[in-house]
Amino acid sequence: MQFSNRLVHSLRSTNRKPHEYGFFMQFKAAISSLKVAWRKDPKLDQAIENDKKWKQCARVVKEVLNEPGQVIPLHYLEKRRERLGLQVKIKTFLDCNPGLFDLYLDRVRPKSEPVSFVRPSERLRQFLEEESRIFVNNESLLVSKLCKLLMMSKDKVVSADKLVQVKREFGFPNDLLVNLVPKYPEYFNLIGEPGEGKSFLQLVKLNPEFAKSVIELRAEEESRLTGIRTRPAFNWKLPPGFFIRKEVREWIRDWMELPYVSPYDDVSHLEQSSREMEKRNVGVFHELLSLSLYKRVPIPILGKFSDEYRFSNAFSNVFTRHSGIFYTSLKCGIKTAMLREAYKDGELIDRDPLLEIKDKFLELLAEGHKQKDELLRLQSETVQKDMEMMAVSNSDLDYHKCEEEEDAVI
């Protein structure tokens with residue numbers, strides 16, 4: 001099912017008058033009263049499942065890198081296994097993912113017995129250098145993302161600590177506030193000390209180039225290609241087998257006819273419960289998900305920015321109410337908002353340039369797994385050769401024994 005400008009145009013082009021379509025002129029249902037049943041989308045759920053294993057590896061890497069000197073005793077890391085979400089012992093995890101770390105013996109204290117320590121491998125250090133290079137090459141993209149996040153906020157100010165908490169979702173580097181922000185004083189002003197809960201990042205200057213949403217840019221591109229002015233509008237499409245009630249369909253058709261509200265516009269004059277504010281909120285969520293690495297963000301993380309972006313307490317209902325635009329996944333025990341139009345058959349259509357970091361990390365893991373498979377193959381061949389040699393030796397012994405028995409008989 002898909003609603004678009006064409007659908008509305010086709011309705012208007014018939015002989016029937018507008019008042020005969022109650023959803024355009026007379027449908028007055030309150031937004032909060034609209035109930036849309038949640039339906040599972042296996043393909044979008046699988047997109048999250050596919051990233052589960054490598055993200056687990058990334059969590060362990062982050063844990064070690066955050067240690068002083070980037071080393072940690074193996075038994076200390078074992079104690080954090082549950083917090084890291086590992087179902088196996090740390091030693092088993094390291095054996096299954098060779099190439100990430102090296103094990104070596106050292107003392108925790110000068111007179112203590114040597115124990116196993118974990119440190120980044122040379123290949124992991126090479127990956128970290130590649131990661132830094134990718135961040136440098138995409139610095140302009142990072143700056144535009146950060147500016148856009150600030151421009152959508154009501155006072156052009158966002159908690160710096162919150163930004164640090166969501167840096168992985170949007171692809172920001174670990175040194176976001178330490179290195180990136182100070183390099184662009186014309187855009188950013190850091191107020192307070194990060195880590196104390198009272199630091200804020202303020203936008204100094206508005207860049208008009210950053211004030212256009214993904215939807216507005218898409219409409220401009222369509223207008224350029226077709227020569228016909230295209231109105232900014234959401235793509236609204238449900239997968240096969242998904243259905244919504246008639247009254248909800250009618251409300252959505254009516255709502256889709258409202259003018260698009262840019263997430264970068266001033267909406268202080270709008271009522272929080274109005275359909276126009278609903279249009280703006282959907283636009284903000286659409287833009288936030290579009291700016292994210294995977295076009296999806298856990299809903300609790302979005303909720304952290306309720307004050308900055310003027311979200312209501314029941315903001316999460318937007319994702320099910322507009323299930324043709326968003327999907328709420330329940331994979332991994334957490335609600336995650338996903339942008340439907342960003343995926344095809346569970347795969348991202350337009351990949352963020354910063355996802356090159358993920359690709360490099362997957363290559364690192366693949367190299368380790370290949371090394372492990374090669375080692376297992378060599379071990380298997382060695383065992384096979386030993387067994388063959390033992391079989392030959394036993395055969396020779398049996399032959400000599402038979403000869404000795406024949407001589408004894410003679």
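Condition check ((1) under 21 Å from the mean Cα position of the chain (by Cα); (2) modelled with pLDDT of 95 or more) across all residues:
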residue	(1), (2)
VAL136	yes, yes
LYS148	yes, yes
LYS154	no, no
ASP161	yes, no
ARG168	yes, no
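How many residues, within segment 37-94, are outside any helix (DSSP H, G or I), of a type in the set (Asp, Glu) and either in contact with a Ser or Thr (Cβ under 7 Å, 6 or more places away or on another chain) or open to solvent by 30 Å² or more (accessible area, probe 1.4 Å) (or both)? Can you show your working first?
Kept after step one, since they are outside any helix (DSSP H, G or I), are these residues of segment 37-94: 37-41, 51, 66-67, 71-73, 80-89.
In the following step, the residues that additionally are of a type in the set (Asp, Glu) were identified as 41, 51, 67, 82.
Among the residues that remain, those that are also either in contact with a Ser or Thr (Cβ under 7 Å, 6 or more places away or on another chain) or open to solvent by 30 Å² or more (accessible area, probe 1.4 Å) (or both) are: 67, 82.
Of the residues in that region, 2 qualify.
So, in segment 335-346, of the ones that are in contact with a helix residue (DSSP H, G or I) (Cβ under 7 Å, 6 or more places away or on another chain) and of a type outside the set (Lys, Arg), which residue ends up surrounded by the fewest Cβ atoms within 10 Å (Cβ to Cβ)?
Filtering first and then ranking leaves ASP345.
Quick check on this structure: which one of PRO68, PRO114 is without any contact (Cβ under 8 Å) to a residue 12 or more places away in the chain and in contact with a Lys or Arg (Cβ under 6 Å, 6 or more places away or on another chain)?
Within the list PRO68, PRO114, the selection yields PRO114.
Please determine, by comparing only the residues of segment 95-129 that are of a type in the set (A, V, I, L, M, F, W, C) and part of a helix (DSSP H, G or I), which one is surrounded by the most Cβ atoms within 10 Å (Cβ to Cβ).
By that ranking, first place goes to PHE127.
Condition check ((1) at positive phi; (2) surrounded by 14 or more Cβ atoms within 10 Å (Cβ to Cβ); (3) of a type in the set (Val, Ile, Thr)) across all residues:
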position	(1), (2), (3)
PHE172	no, yes, no
ASN179	no, no, no
PRO182	no, no, no
PRO185	no, no, no
PHE188	no, yes, no
LEU203	no, yes, no
PRO208	no, no, no
VAL214	no, yes, yes
ARG218	no, yes, no
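Checking the condition under 23 Å from the mean Cα position of the chain (by Cα) and open to solvent by less than 20 Å² (accessible area, probe 1.4 Å), which residue from GLY303, GLY283 passes?
Sole residue among the options that is under 23 Å from the mean Cα position of the chain (by Cα) and open to solvent by less than 20 Å² (accessible area, probe 1.4 Å): GLY283.
Could you please find all residues in segment 321-334 being open to solvent by 40 Å² or more (accessible area, probe 1.4 Å) and modelled with pLDDT of 90 or more?
As a first pass, look at segment 321-334 and keep what is open to solvent by 40 Å² or more (accessible area, probe 1.4 Å): 330-334.
Answer for segment 321-334, where residues must be open to solvent by 40 Å² or more (accessible area, probe 1.4 Å) and modelled with pLDDT of 90 or more: LEU330, LYS331, ILE334.
For segment 257-273, enumerate the residues that are open to solvent by less than 30 Å² (accessible area, probe 1.4 Å) and modelled with pLDDT under 90.
Within segment 257-273, just VAL267 meets the criteria.
Among the residues of segment 134-157, is any surrounded by 14 or more Cβ atoms within 10 Å (Cβ to Cβ), within 30 Å of TYR104 (Cβ to Cβ) and in contact with a helix residue (DSSP H, G or I) (Cβ under 9 Å, 6 or more places away or on another chain)?
Yes, segment 134-157 contains a residue that is surrounded by 14 or more Cβ atoms within 10 Å (Cβ to Cβ), within 30 Å of TYR104 (Cβ to Cβ) and in contact with a helix residue (DSSP H, G or I) (Cβ under 9 Å, 6 or more places away or on another chain).
Do the conditions hold for TYR294, that is, is it hydroxyl-bearing (Ser, Thr, Tyr) and either at positive phi or at pLDDT below 95 (or both)?
no
Within segment 185-231, work out how many residues are farther than 25 Å from VAL284 by Cα and among the hydroxyl-bearing types (Ser, Thr, Tyr).
So the count comes out to 1.
Restricting the search to segment 158-170, which residues are in contact (Cβ under 8 Å) with a residue 12 or more places away in the chain and open to solvent by less than 50 Å² (accessible area, probe 1.4 Å)?
Listed by number, the residues that qualify are VAL158, SER159, ALA160, ASP161, LYS162, LEU163, VAL166, GLU169, PHE170.
Please determine, by comparing only the residues of segment 221-256 that are part of a loop (DSSP other than H, G, I, E, B) and open to solvent by less than 20 Å² (accessible area, probe 1.4 Å), which one is nearest to TYR343 (Cα to Cα). Before you say what the answer is, go through the steps one by one.
Keep residues of segment 221-256 that are part of a loop (DSSP other than H, G, I, E, B), which gives 227-235, 238-245.
With open to solvent by less than 20 Å² (accessible area, probe 1.4 Å) added as a condition, the list becomes 234, 238, 244.
On the way: PHE234: 15, LEU238: 12, ILE244: 21 Å.
Ranking the candidates gives LEU238 first.
Looking at (1) modelled with pLDDT under 85; (2) farther than 18 Å from THR328 by Cα, can you tell me which one MET277 breaks?
Result: MET277 passes all but (1).
What number goes with the only condition from (1) modelled with pLDDT under 95; (2) more than 17 Å from VAL64 (Cα to Cα); (3) of a type outside the set (Ser, Thr, Tyr); (4) surrounded by fewer than 13 Cβ atoms within 10 Å (Cβ to Cβ) that GLY192 does not pass?
Evaluating GLY192 over (1) modelled with pLDDT under 95; (2) more than 17 Å from VAL64 (Cα to Cα); (3) of a type outside the set (Ser, Thr, Tyr); (4) surrounded by fewer than 13 Cβ atoms within 10 Å (Cβ to Cβ) leaves (4) as the failure.
The values are calculated or read from the model by the stated rules, or taken from the named source; none is laboratory data. Computed from a predicted structure; not experimentally measured. Note that each Cβ is placed from the backbone with ideal geometry, even for glycine, and that neighbours are counted across all protein chains shown. Each accessible area value is taken on the protein alone, full model and side chains, heavy atoms only, with ligands, DNA and RNA left out. Shrake-Rupley method; radii C 1.70, N 1.55, O 1.52, S 1.80 Å.
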